Amino acid sequence: MTSYSKVMKKHGKTFFWATAFLEKKTADKLYAVYAFCRHIDDLIDENQADDNSYKDFYSIKNAWDKNKFTGAFDELKNIDEGFMPREDIIREFLKGQMSDITYNQPNDMNELLVYCYQVAGAVGLMVCDVIGIKDPRLKYFAIDLGIAMQLTNICRDINEDAAINRIYLPKDMINLSLDSFKNPTKNDIKKINLIRNNLLSVANKYYESGDKGIAHLPSKTARAVFVASRLYQHIGIKTLNTNISYESQRVYLNKFEKLKITLKLLFKVNSKKAIESHNEVLHLSLVELPDAHIK
């Protein structure tokens, strides 16, 4: 299998750090999924110059629509058929990416959570597929971990997103104009930071739910996912603890911080005999989406 580790090493440093705990075969599958998602994401985010800017994305999508994976997703071609991400999950991921082409600010938290499911929760489900997780109860938690990480991304990247004319904070939480995000008054900054902090608190609820599934993964995989989850969550924790404003430099963890957090986690993953029940409230916005149904 072609190794896509360099893609993750360059663009997903937190995830790459965590893959040190994985067996090579498992790591290669996750590198492939990450490279695929990154490829699609880059086609959306880096091609906004003219009317033909998204032709490469639609070329890939149309190839997939007509002939499944053949001629479409190079990154996924070498994954064994039994571990291939399911088509309905990839379709949701593509829907989320397409929504950024015809971007509209979410009206409310429900719309934001659907978007987070599509662009990140679906990635969690792809990971479940490629590592052979079949239990639907564990997939609930994979969705929640993806949503938590995406909410962290949104809170971290408010300023960068505004620069490309995107606001992901829901309108019913903060109905400010795009110009107010780009050229804020002191009062605007206060409002935006408050809503960001509220969203980080929501993210923590999804991280807590995601944790419930991690202990039921294969031990090395569990270790890696737990490290990635905690490192990502600590981006939000650092934001809250230092009270950094959204228009300041992007918050990240340096190597010392990553090492300190990782060392604390080395002996914290314990296998559990029973899978905990899922908090149905977390998926009330997602009941029509694959693997998120409330049962």
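Observations, loosely collected:
- Sorted by Cβ density within 10 Å, fewest first, the residues HIS216, HIS278, HIS11: HIS11, HIS216, HIS278
- Highest-first arrangement of 285-291, 29-35, 221-227, where packing means the average Cβ count within 10 Å: 29-35, 221-227, 285-291
- Calculated [θ] (222 nm, deg cm²/dmol) that DSSP helices of n ≥ 4 give over the chain, each run adding -39,500 (n - 2.57): -19000 deg cm²/dmol
- Three-way shape label, region 5-283, alpha-carbon gyration tensor, a/c 1.5: oblate
Laboratory data are not the source of any read-out in this text; all were calculated from the coordinates shown. In this text, all values refer to a predicted model and were calculated from it rather than measured experimentally. Glycine gets a Cβ as well: all are built from the backbone with ideal geometry, and neighbour counts include every protein chain shown.
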